[in-house]
Amino acid sequence: MQMAEYPEERYQYEALPTKTSFRVLELLSGVEGDPISCLLRSVHWADLPVYEAISYAWGDPMARAPVIVDGKSLDVTVNLWRGLKHFRYQDRSRVLWADAICINQTDTPERGYQVTQMRKIYQKAKTVLIWVGPDSEDHQARVAVDSIITISDFLCQKLGIQVSDLYSEENLYQKIMATAGEVIPVPNECEFSTEAMWKSLLWFYKHPYFTRVWAIQEVNANKERLLHCGREEVLWDRVSLVACYITMETAFSKAFGFTNAYCWWAATVTTDLVLPKNWLSMLYLASNFSSLDPRDVIYGLRGMMELGKGAELLEPDYSKSAAEVYRDSVEAAFVNFDTTDILLYVQGVEDPSWVPRWDIPMLFRNPFRFGKPLPWRPAGETSPIWSIDKESNILSLSGFIIGPIKFVEPYNENIFCNSMVESDSGRKTLKEIWQRILKTMRNGQLHVPFSADELTAAATSFSFGLNEKSDPANEQLLVQRFVAYLKIALDEEIYNTYIPADMSEDSKNADGRLFGKPVWDFKYPESSFFITEDKFIGCSISPTRPGDVIYVARGSTYPLVLRPDGEEFHIRGFAYVHGLMHAEKKDLEMKVLKIR
């Protein structure tokens, strides 16, 4: 390709005739070495041509290459240029849609109203053409695609599913996890397993395409999805299925290097992110994906969100800053859900502290991450009372104060993962951690050995009241598993110091390895065990310190931990507090706090 082959005159967009119009490009035929040339025209929904929509990663926005549009030059990212070169036919033209060319990226109003149509654009396309990128120098694409076909055929046979039915199959990831080690063996124990297979798949799943937030909407809009990598192509459903399988067993993923690949992203796009009932859960998962524009964590998913009230607050508007868009998400959630649950997604690093940063990964922080409704109603069946001062960025919220935290001991939820109790080094670490936590309980003027009520309060708090399936748990079973877990983690002398003999006897048949589950070998946020001045025991998904305040907002699922700052407060995170979760203190005096 010689730069001289491209005209010097730059392409200038003409305004679209209506807000519901959009452009398609006709990619003209060409052979290797020919400039990429296309014609651009506007179309209407009432009279659509047959077209295909390209889903791709922009790549480095500074790496640009020219294409010819209506006889004039337009620069696009190198990755799109390569994609167009790949999709171009030699003997005929091809009608396509690609955002960087079909949307005038410099026209802010147009970007907004075109984004509102993007899901429909992909939905009405004949095929979604997924462009992952070029082949490697050692030609890994063919090996990777052949491996994906082999493994997906094997999985479909084991699960009794047709490849053609994968698109409509619900809970696919859960099905694989449920049969792990039984119907379906660990990946490297399959007879077809080879070093070359896993090497090629590691290369394949490291492509940044899988982390694109826009891919979530684009891939889910259409049943016909064909992924292209180099000269190879494969059904998207096969790619997603194999990604689910690779993430099935943590030990395998670590041993073969997949921890640093994007298998979780590739699996999640068409499993957990397919139209969840709660759009907050969608934003929570999407925070782990990437976008060049932080506003697109919301705008890139807007077409998949089901909003009743407050929908107008999240209509794409690129004249707003990312901070304004994220703040609008709080107001939209208050109005739409009639709860304060969106405040549970803050991580203690935001400014203002009550506006979640949807562009910062928040995996494992969300209390609703398994999509199950929780029965906790610390303020009873109430609706939030709130107001937002947009000039000062202060949220006024009605609720009641439980009191300040007096004793704190930090911990991390990974203490409950299997590897901790199954290795000598892990048990040594557990012993040190639990000695500190139990000493903090004793310093909190609790009885030693602890009473059944005190152990129950600790057990429900550390597990957030949930069992190993993330369902609300029976407190007696929880405390029995907690005691059995401590017997594994502690030396006998220390165990007998803190655990009364009758509790130990009651728990002798409990499975301590189930306590605190489900937890995997991933990075978890720092957490805190605490005791308040009034001896309420709880756990917070955030670092806390003495003087922080437990606050229950109206319309909440969990209490909040607030840090006083003069007459204002900052949210540190949410907490499970034993003795509050079933509205035991709902009759306390309501106060309006100002949260910055």
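Of all residues in the range 466-486, those satisfying the criterion of being modelled with pLDDT of 95 or more and surrounded by 18 or more Cβ atoms within 10 Å (Cβ to Cβ) are Leu478, Val479, Gln480, Arg481, Phe482, Val483, Ala484, Tyr485, Leu486. Residues considered: Leu25, Leu48, Leu16. Of these, the only one that is within 22 Å of Val219 (Cα to Cα), open to solvent by less than 30 Å² (accessible area, probe 1.4 Å), within 36 Å of the chain's Cα centre (by Cα) and of a type in the set (A, V, I, L, M) is Leu25.
Just name the residue that is nearest to Glu533 (Cα to Cα) out of those in the range 404-426 that are among the aliphatic types (A, V, I, L, M) and either within 26 Å of the chain's Cα centre (by Cα) or part of a loop (DSSP other than H, G, I, E, B) (or both).
Top of the filtered list is Ile415.
Residue-level check: of (1) part of a helix (DSSP H, G or I); (2) open to solvent by 20 Å² or more (accessible area, probe 1.4 Å); (3) modelled with pLDDT under 95, Lys120 misses just (3). Condition test on Ser392, is it hydroxyl-bearing (Ser, Thr, Tyr), more than 24 Å from Met282 (Cβ to Cβ) and part of a loop (DSSP other than H, G, I, E, B)? Yes: the conditions hold for Ser392.
Screening the candidates Leu96, Leu129 for the property of being more than 29 Å from the chain's Cα centre (by Cα) and open to solvent by less than 10 Å² (accessible area, probe 1.4 Å) yields one hit, Leu96. When the range 337-352 is filtered for residues that are buried (at least 22 other Cβ atoms within 10 Å of the Cβ) and of a type outside the set (Val, Ile, Thr), the ones remaining, listed by number, are Asp341, Leu343, Leu344, Tyr345.
Scan the range 322-360 for residues that are hydroxyl-bearing (Ser, Thr, Tyr) and outside any helix (DSSP H, G or I) and the total you get is 3. I'd like the full set of residues that are open to solvent by 30 Å² or more (accessible area, probe 1.4 Å) and within 15 Å of Met118 (Cβ to Cβ), limited to the range 34-45. Scanning the range 34-45 gives a single hit, Trp45. In this entry, Phe334 passes the filter for residues that are without any contact (Cβ under 8 Å) to a residue 60 or more places away in the chain and in contact with a strand residue (DSSP E or B) (Cβ under 7 Å, 6 or more places away or on another chain).
Within the range 366-386, is even one residue in contact with a Leu (Cβ under 6 Å, 6 or more places away or on another chain) and of a type in the set (A, V, I, L, M)? No - not one qualifying residue is present in the range 366-386.
Asp91 falls short on exactly one of the conditions (1) open to solvent by 20 Å² or more (accessible area, probe 1.4 Å); (2) closer than 14 Å to Leu27 by Cβ; (3) in contact with a Phe, Trp or Tyr (Cβ under 6 Å, 6 or more places away or on another chain), and that condition is (3).
Take the conditions (1) outside any loop (DSSP other than H, G, I, E, B); (2) at pLDDT below 95; Ile401 misses just one of them, which is (2). Screening the range 536-555 for residues that are small (Gly, Ala, Ser) and in a loop (DSSP other than H, G, I, E, B) and picking the one that is surrounded by the fewest Cβ atoms within 10 Å (Cβ to Cβ) gives Gly547.
Taking first residues from the range 474-495 that are closer than 14 Å to Ser463 by Cα and partners that are open to solvent by 10 Å² or more (accessible area, probe 1.4 Å) and part of a helix (DSSP H, G or I), the Cβ contacts under 7 Å between residues at least 6 apart in sequence or on separate chains come to Glu475/Thr456; Val479/Thr456; Gln480/Asp506; Arg481/Leu514; Val483/Met503; Val483/Ser504.
How about the range 394-414: which of its residues are closer than 22 Å to Thr460 by Cβ and open to solvent by less than 40 Å² (accessible area, probe 1.4 Å)? Don't jump to the end; show me each part of the working.
At the first step, the residues of the range 394-414 found to be closer than 22 Å to Thr460 by Cβ are 399-414.
Matches in the range 394-414: Gly399, Phe400, Ile402, Gly403, Ile405, Val408, Glu409, Tyr411, Asn412, Glu413.
Would you please name the residue that is nearest to Ser387 (Cα to Cα), looking only at residues in the range 317-330 that are surrounded by fewer than 21 Cβ atoms within 10 Å (Cβ to Cβ) and not polar (S, T, N, Q)? Taking the candidates together, the pick is Glu324. Filtered by the rule that a residue be assigned to a strand (DSSP E or B) and either open to solvent by 40 Å² or more (accessible area, probe 1.4 Å) or in contact with a helix residue (DSSP H, G or I) (Cβ under 9 Å, 6 or more places away or on another chain) (or both), the range 71-88 gives Lys72, Leu74, Asp75, Val76, Thr77.
State yes or no: is Phe192 surrounded by fewer than 18 Cβ atoms within 10 Å (Cβ to Cβ), assigned by the TED database to the domain that holds Asp146 and modelled with pLDDT of 90 or more? Step through it out loud before you land on a result.
Values: surrounded by fewer than 18 Cβ atoms within 10 Å (Cβ to Cβ): yes; assigned by the TED database to the domain that holds Asp146: yes; modelled with pLDDT of 90 or more: yes.
Taking the combined requirement at face value, the residue satisfies it.
Out of the range 422-439, which residues are among the polar types (S, T, N, Q) and farther than 17 Å from Arg513 by Cα?
We begin by selecting, within the range 422-439, every residue among the polar types (S, T, N, Q); these are 423, 425, 429, 435.
Within the range 422-439, Gln435 is the sole residue that qualifies.
Might you check whether a residue that is part of a helix (DSSP H, G or I), under 17 Å from Lys517 (Cβ atoms) and over 32 Å from the mean Cα position of the chain (by Cα) occurs anywhere in the range 441-460? Among the residues of the range 441-460, not one is part of a helix (DSSP H, G or I), under 17 Å from Lys517 (Cβ atoms) and over 32 Å from the mean Cα position of the chain (by Cα), which makes the answer no.
Applying the set (1) of a type in the set (D, E, K, R); (2) touching a Gly at 6+ places or on another chain (Cβ under 6 Å); (3) surrounded by 17 or more Cβ atoms within 10 Å (Cβ to Cβ) to Glu533 leaves exactly one unmet item: (3). Among the residues of the range 504-526, not a single one is open to solvent by 10 Å² or more (accessible area, probe 1.4 Å), within 23 Å of Asp389 (Cβ to Cβ) and either of a type in the set (D, E, K, R) or out of contact with any Cys (no Cβ under 8 Å at 6 or more places or on another chain) (or both). All told, Arg23 falls short of being in a helix (DSSP H, G or I) and either among the charged types (D, E, K, R) or under 24 Å from Trp236 (Cα atoms) (or both). In the range 363-393, the qualifying residues are those that are among the aliphatic types (A, V, I, L, M) and open to solvent by 20 Å² or more (accessible area, probe 1.4 Å), and the one that is farthest from Asp587 (Cα to Cα) is Leu363.
Output the residues belonging to the range 164-187 that are outside any loop (DSSP other than H, G, I, E, B), modelled with pLDDT under 90 and open to solvent by less than 50 Å² (accessible area, probe 1.4 Å). Residues satisfying the conditions are Leu166, Leu172, Ile176, Ala180, Ile184. Of everything in the range 195-213 that is open to solvent by 20 Å² or more (accessible area, probe 1.4 Å) and among the hydrophobic types (A, V, I, L, M, F, W, C), the residue that is nearest to Glu249 (Cα to Cα) is Leu202.
The values are calculated or read from the model by the stated rules, or taken from the named source; none is laboratory data. It should be emphasised that the depicted structure is a prediction, and the values quoted were computed from it without experimental measurement. Methodologically, a virtual Cβ is constructed for each residue, glycine included, from the backbone with ideal geometry; neighbour enumeration extends over all protein chains shown. To get the accessible areas, we keep the full protein, side chains included, count just its heavy atoms, and leave off ligands, DNA and RNA. Shrake-Rupley method; radii C 1.70, N 1.55, O 1.52, S 1.80 Å.
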